[in-house]
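The values are calculated or read from the model by the stated rules, or taken from the named source; none is laboratory data. Just so it is clear, the structure is predicted and the values come from calculations on it, not from any experiment. Cβ placement follows ideal geometry from the backbone for every residue including glycine, while neighbour counts extend to all protein chains displayed.
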Amino acid sequence: MTRKPMDRPPKYPRDLVGYGRIPPDPRWPGQACVALQLVINYEEGGERSILHGDAESEAFLSDVLGAQPWPGQRHMNVESMYEYGSRAGFWRLWRMLRERKLTATVFGVATALELNREAVAAMQESGWEIASHGLKWIDYRDVPDGEERAHMREAVRLHTEVTGARPLGWYTGRSSANTLKAVLDDGGFLYSSDSYADDLPYWVNGPKGPHLIIPYTLDANDMRFINAQGFASGDDFFAYLRDAFDVLYAEGDSAPKMMSVGLHCRLAGRPGRAASLARFLDHVARHDRVWITTRLDIARHWHREHHARAARAPVIA
C-alpha cells in the first residue's frame, strides 16, 4: 500500500533550515567565543494557588516528586518549597553572582515580583535585566487567545509599576500557539524567548515589523533535577553545563555561539545544587573569551550588528 505524503498548508509555518551550513558570525564584543547568559526564573508567588484565584494548587517544578494538583485545596508542602525560593534560594544565587561580579536576566512573573519588592530592589541594585515571565506562572496551552492577551497587557502594566520600567523581553514558558502572535502584536518588546530552536538569536517578521527571538534552554536548566532521567546530583549538573560550554567555546574560533543557563530560585538556590553552579561559574572564569551578559544586551547587540538580516526573516501571520 502506497502512503500519501503528509498534507501541509501552502505556507508551512515552521523554519527547519535556520542559518544552515554556515551560521553568521555574531561579532560578540571582545571577539568572545561564547555569549553566556544566566537566567534566574523568579516565579515564587505567581504559581497556581487557590489563594490566587486558581481552581487548584501548583504541582509543577517542586521537590514533591509526582505531585498532582489538588482541586480546591492548598498544597502546603509545595507552597513552602516555593517560599524557600523567595526567602532563601534567591538570596543565595544573588550573593553568588554578586561576589563574582556577574550579571543575569531575571524572567520575572509580575505577580511574584509584586510580592517581594526587596528582591526586586536587589536585582536592580546589581544591574540585572528584569524581563517579563508573564502575569501568572500557569500553562497557557488551553487559555483562550483573548484571555492570554489580557494577561499579557496586565503583566506589562504590573511589571512597569513594580520595577519602574516596561519589560523589553518576554518569556511565557508554558506557551500556547497564540503566544508569539500576541508578542508581535504588542510591538513593545525588543526580543522574546519562547523558542529553543537555535544557538543564536534570529529574526521573525510580524505586523509591526521585525522581531528578535533569543532562544532559551530546557537542557542546561536546573529543572532537570526533578524530571525523570534528569540530573541525579550536582556532579551531573556541573558536568552537563561544563561540557556544553566547552563544546561551544571550542567552536567559537570559527563559529561563536550563545549559551543559556536556566535557574530557579527554589531549585538551584538549594545548597547542594548551588555548589555545582558555583563550580561551573569558576570553570567559565578560567576562560578569557566569554561575554557574560543579559539577554537585553544580546538583543541590543543583534539589533545593531545584524538588523540587515531582519528583512529576510519569515513572516508570522
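Which residue out of ALA55, ALA119, ALA88, ALA112 is in contact (Cβ under 8 Å) with a residue 12 or more places away in the chain and in contact with a Pro (Cβ under 9 Å, 6 or more places away or on another chain)?
ALA55
Can you spot a residue in segment 250-261 that is part of a helix (DSSP H, G or I) and surrounded by fewer than 20 Cβ atoms within 10 Å (Cβ to Cβ)?
In the first step, residues of segment 250-261 are kept if they are part of a helix (DSSP H, G or I); the result is 250-251.
So of that shortlist, the ones also surrounded by fewer than 20 Cβ atoms within 10 Å (Cβ to Cβ) come out as 250-251.
Yes - at least one qualifying residue is present in segment 250-261.
Taking segment 204-219, which residues are of a type outside the set (D, E, K, R) and assigned to a loop (DSSP other than H, G, I, E, B)?
Let us first name the residues in segment 204-219 that are of a type outside the set (D, E, K, R), namely 204-207, 209-218.
Answer for segment 204-219, where residues must be of a type outside the set (D, E, K, R) and assigned to a loop (DSSP other than H, G, I, E, B): PRO207, ILE214, PRO215, TYR216, THR217, LEU218.
Test ASP246 against the stated conditions and say whether it is assigned to a helix (DSSP H, G or I), free of Cβ contacts under 8 Å to residues at least 40 places away in the same chain and more than 30 Å from LEU65 (Cα to Cα).
It is true that ASP246 is assigned to a helix (DSSP H, G or I), free of Cβ contacts under 8 Å to residues at least 40 places away in the same chain and more than 30 Å from LEU65 (Cα to Cα).
Can you confirm whether ARG300 is surrounded by 15 or more Cβ atoms within 10 Å (Cβ to Cβ) and either in a strand (DSSP E or B) or touching a Leu at 6+ places or on another chain (Cβ under 8 Å) (or both)?
Yes, satisfied.
Out of ALA131, ALA112, ALA119, report the one residue that is farther than 15 Å from THR160 by Cα and not β-branched (Val, Ile, Thr).
Going through ALA131, ALA112, ALA119 in turn, just one is farther than 15 Å from THR160 by Cα and not β-branched (Val, Ile, Thr): ALA119.
Inside segment 134-164, can you point out the residues that are in contact with a strand residue (DSSP E or B) (Cβ under 7 Å, 6 or more places away or on another chain) and closer than 16 Å to GLY188 by Cα? Full working, then the answer.
Residues of segment 134-164 that are in contact with a strand residue (DSSP E or B) (Cβ under 7 Å, 6 or more places away or on another chain), as a first pass: 137, 155-156, 159, 163.
If the condition is that a residue be in contact with a strand residue (DSSP E or B) (Cβ under 7 Å, 6 or more places away or on another chain) and closer than 16 Å to GLY188 by Cα, then ALA155, VAL156, HIS159 are the ones that fit.
Of the residues ALA121, ALA104, which single one is surrounded by 15 or more Cβ atoms within 10 Å (Cβ to Cβ) and either over 30 Å from SER195 (Cβ atoms) or not charged (D, E, K, R) (or both)?
When all the criteria are applied, what remains is ALA104.
Does segment 220-232 hold any residues that are assigned to a loop (DSSP other than H, G, I, E, B) and over 18 Å from ARG295 (Cα atoms), and which are they?
Keep residues of segment 220-232 that are assigned to a loop (DSSP other than H, G, I, E, B), which gives 220, 226-232.
Within segment 220-232, ILE226, ASN227, ALA228, GLN229, GLY230, PHE231, ALA232 meet the criteria.
May I ask you to verify whether LEU267 is of a type outside the set (Phe, Trp, Tyr), closer than 26 Å to SER86 by Cα, in contact (Cβ under 8 Å) with a residue 24 or more places away in the chain and in contact with a Phe, Trp or Tyr (Cβ under 8 Å, 6 or more places away or on another chain)?
It is true that LEU267 is of a type outside the set (Phe, Trp, Tyr), closer than 26 Å to SER86 by Cα, in contact (Cβ under 8 Å) with a residue 24 or more places away in the chain and in contact with a Phe, Trp or Tyr (Cβ under 8 Å, 6 or more places away or on another chain).
Can you tell me which residue in segment 156-184 is nearest to the chain's Cα centre (by Cα), limited to those that are exposed (fewer than 14 other Cβ atoms within 10 Å of the Cβ) and more than 28 Å from GLY20 (Cα to Cα)?
In the first step, residues of segment 156-184 are kept if they are exposed (fewer than 14 other Cβ atoms within 10 Å of the Cβ); the result is 157, 161, 164-166, 177.
Add one more test, that the residue is more than 28 Å from GLY20 (Cα to Cα), and what stays is 157, 161, 164-166.
On the way: ARG157: 20, GLU161: 22, GLY164: 21, ALA165: 19, ARG166: 17 Å.
Looking at residues that are exposed (fewer than 14 other Cβ atoms within 10 Å of the Cβ) and more than 28 Å from GLY20 (Cα to Cα), I get ARG166.
Would a scan of segment 101-112 turn up a residue that is at pLDDT below 95 and touching an Asp or Glu at 6+ places or on another chain (Cβ under 7 Å)?
no
Results for (1) outside any loop (DSSP other than H, G, I, E, B); (2) surrounded by fewer than 16 Cβ atoms within 10 Å (Cβ to Cβ); (3) of a type in the set (Val, Ile, Thr); (4) touching a Cys at 6+ places or on another chain (Cβ under 8 Å), shown as yes or no for each residue.
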| site | (1), (2), (3), (4) |
| --- | --- |
| VAL64 | no, yes, yes, no |
| ALA67 | no, no, no, no |
| ARG74 | no, yes, no, no |
| VAL78 | yes, no, yes, no |
| MET81 | yes, no, no, no |
| ARG87 | yes, no, no, no |
| ARG92 | yes, no, no, no |
